[in-house]
Amino acid sequence: MILVIDSTNELLVGILDCENVLCFKYHAESREHVEKIAVICDALLRSVSIKPTDITEVIVSAGPGMYTGLRSGMAFAKTFAFVPHAKVTGVITLDVMAASVEQAKTPVLAVTDARRHEVFYALYDENGKLLIPHQVAKMETIAEAIKRVTDSQRLTIVHNLREEYLVPLTGVFDCKLVENPLKSSTILPYYYKVSRKYPNYDAPVYLRNPDVLTMTSLRT
């Protein structure tokens, strides 16, 4: 059995038997991760009569996400996995979002809000090959970046943004928009698929570096 946790923005928790969804919970409040992860996991395990020791793997998102929420999810995953000696596998949520539109016949742009009028995005070809790696950028610069790596005039955008933020792209490309697939249990099997396709991410990928200076940096 596989436990899936994504705390990059809202909170997503589910249990898989390989690619088969056993149970799923989406919690929209992004400021309650610390309080809710353990409660939701316990409720889901009980709902399908699974013991924590039955979990053989925990797939957890390593980002991109905000500092507190992301770390709470990754820390819980490692703590939970300790007792049953379960494997912990880190994935990138953008990869999962892109994989969820596997029937797309166009390049796929996965994009999430990075605050401060910026987004965190990655671009994939129609076969899932990464064309532009995960990075932060101004939305206004992404169209030109896409044109440098593909001649396609069509684009599938999977996102969690308000549609007006996508105008710099929808005004340039013929776009199909897919809004926040993380809200549906149908996203869960793609965490499994991505965990088998891409390298394991064991360090958090933040939307941006913390806005602090260490004492070492102050001295240099």
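Bear in mind that the values in this text are calculations on the coordinates, not laboratory data. Since we're looking at a predicted model, the values are computed, not measured. Cβ sites come from the backbone with ideal geometry, for glycine too, and all protein chains shown count toward neighbours.
At-a-glance table
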{"quantity": "Residue in the range 130-153 that is of a type in the set (S, T, N, Q) and assigned to a strand (DSSP E or B) present", "calculated": "yes"}
{"quantity": "Residues (among the hydrophobic types (A, V, I, L, M, F, W, C), in contact (Cβ under 8 Å) with a residue 24 or more places away in the chain and either buried (at least 20 other Cβ atoms within 10 Å of the Cβ) or closer than 14 Å to LEU169 by Cα (or both)) located in the range 115-155", "calculated": "VAL119, PHE120, ALA122, LEU123, MET139, ILE142, ALA143, ILE146, LEU155"}
{"quantity": "Residues of the range 29-70 satisfying the condition of being buried (at least 17 other Cβ atoms within 10 Å of the Cβ), in a helix (DSSP H, G or I) and of a type outside the set (A, V, I, L, M, F, W, C)", "calculated": "HIS33, LYS36, GLY69"}
{"quantity": "Total residues in the range 105-155, condition within 13 Å of LEU207 (Cα to Cα) and among the hydroxyl-bearing types (Ser, Thr, Tyr)", "calculated": "2"}
{"quantity": "Matching residues in the range 167-197 - criterion: being within 19 Å of the chain's Cα centre (by Cα) and either more than 20 Å from ILE59 (Cβ to Cβ) or of a type in the set (A, V, I, L, M) (or both)", "calculated": "LEU177, VAL178, GLU179, LEU182, ILE187, LEU188, VAL194"}
{"quantity": "When residues of the range 104-114 are limited to those that are outside any strand (DSSP E or B) and of a type in the set (A, V, I, L, M), the one surrounded by the most Cβ atoms within 10 Å (Cβ to Cβ)", "calculated": "ALA114"}
